[in-house]
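The values are calculated or read from the model by the stated rules, or taken from the named source; none is laboratory data. Just so it is clear, the structure is predicted and the values come from calculations on it, not from any experiment. When we count neighbours, we look across all protein chains shown, and the Cβ atoms used for this are built from the backbone with ideal geometry, even at glycine. Please note that ligands, DNA and RNA were not included when accessible areas were found on the heavy atoms of the full protein model with its side chains. Shrake-Rupley method; radii C 1.70, N 1.55, O 1.52, S 1.80 Å.
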Amino acid sequence: LGYGAFNQVRADIERLPALGARIIQVEIGPRDVFPAPDVTDLAPLDATKALLDRAHAAGVSVDLLISPHYFPAWMLEQVPELRKRRRGFIQFCIHHPASRELLVRYIRTLITVIKDPPALHSICLSNEPINFEEPCPFAEQAWQTWLRARHGTVEAFNKAHGTNFRSFDLVSLPDPWNPPADRALWLDFVRFNQEQFAGWHRMLAEAVHAVAPGVPVHAKVMTNDLTGWNDPADGVDATLFARIGEINGNDSS
């Protein structure tokens, strides 16, 4: 959506309309706002608001990418359980309560400052999102809850999968880095993973709308996720993502 994301487009805002460009994207991340434990730096927020004011004066709209993948390194050190093997830009456990709390706090802090300038076109929740993560205890608990909702009883699950589990609590969350031979179990995992990742984005969207109900949100998914060329275990389902925001599109050239 738009041009830019980096420094040059910020410097060129006033020149863009003459070039036929009326919308840009810039980004900010949680590590900018929370540079250290118990520290909130408002300077990047004030700079973003000043940029929005310049854009409005120039007749340019701004889509703000909130870049959750710019995660504070200090929190990864403080909570080592957040370190999980993952694909893509996001390199922290999205299921862990500590990462979720920080992201919601970041969004509310950010949106409170920048929600009013008329140049704000929309909020981009993530860039090229992928949810391919080794199992963690929080995801496994969600997985077993999901299996109960999907299959109803462990007997129905066993019949569908040809297994003999005595409880859903004994059904381990599959590791996408080492897929199970049970293809039915793998299909269950793929759908669970898609719904979890859509739910994570919905959490971000709700944090935006809790402060700025009228600001549109979206996620910049990759073209592969819309064409079927992606790995299904990447966790992106176009239909589920379309239900989260007010704008649909993709990251493509």
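Quick notes
- Residue check: Pro17 meets all listed conditions (1) closer than 21 Å to Met222 by Cα; (2) more than 20 Å from the chain's Cα centre (by Cα) but one, namely (1).
- Residue in the range 213-225 that is least open to solvent (accessible area, probe 1.4 Å), counting only those that are part of a helix (DSSP H, G or I) and in contact with a helix residue (DSSP H, G or I) (Cβ under 9 Å, 6 or more places away or on another chain): Asp225
- Within the range 92-113, residues that are over 12 Å from Leu82 (Cβ atoms) sit with their Cβ atoms under 7 Å from residues that are of a type outside the set (A, V, I, L, M, F, W, C) and surrounded by 22 or more Cβ atoms within 10 Å (Cβ to Cβ), at 6+ positions apart or across chains, in these pairs: Tyr106/Pro30.
- The listed residue being in a helix (DSSP H, G or I), in contact (Cβ under 8 Å) with a residue 12 or more places away in the chain and surrounded by fewer than 16 Cβ atoms within 10 Å (Cβ to Cβ), out of Ala210, Ala233, Ala198: Ala210
- Looking only at residues in the range 162-181 that are part of a loop (DSSP other than H, G, I, E, B) and of a type in the set (S, T, N, Q), the one that is nearest to the chain's Cα centre (by Cα) is Ser172.
- Taking the range 25-44 as the range and being of a type in the set (A, V, I, L, M, F, W, C), more than 20 Å from the chain's Cα centre (by Cα) and open to solvent by less than 40 Å² (accessible area, probe 1.4 Å) as the test, only Ala36 passes.
- Which numbered condition Asn193 fails, given (1) under 15 Å from the mean Cα position of the chain (by Cα); (2) under 29 Å from Ala119 (Cβ atoms): (2)
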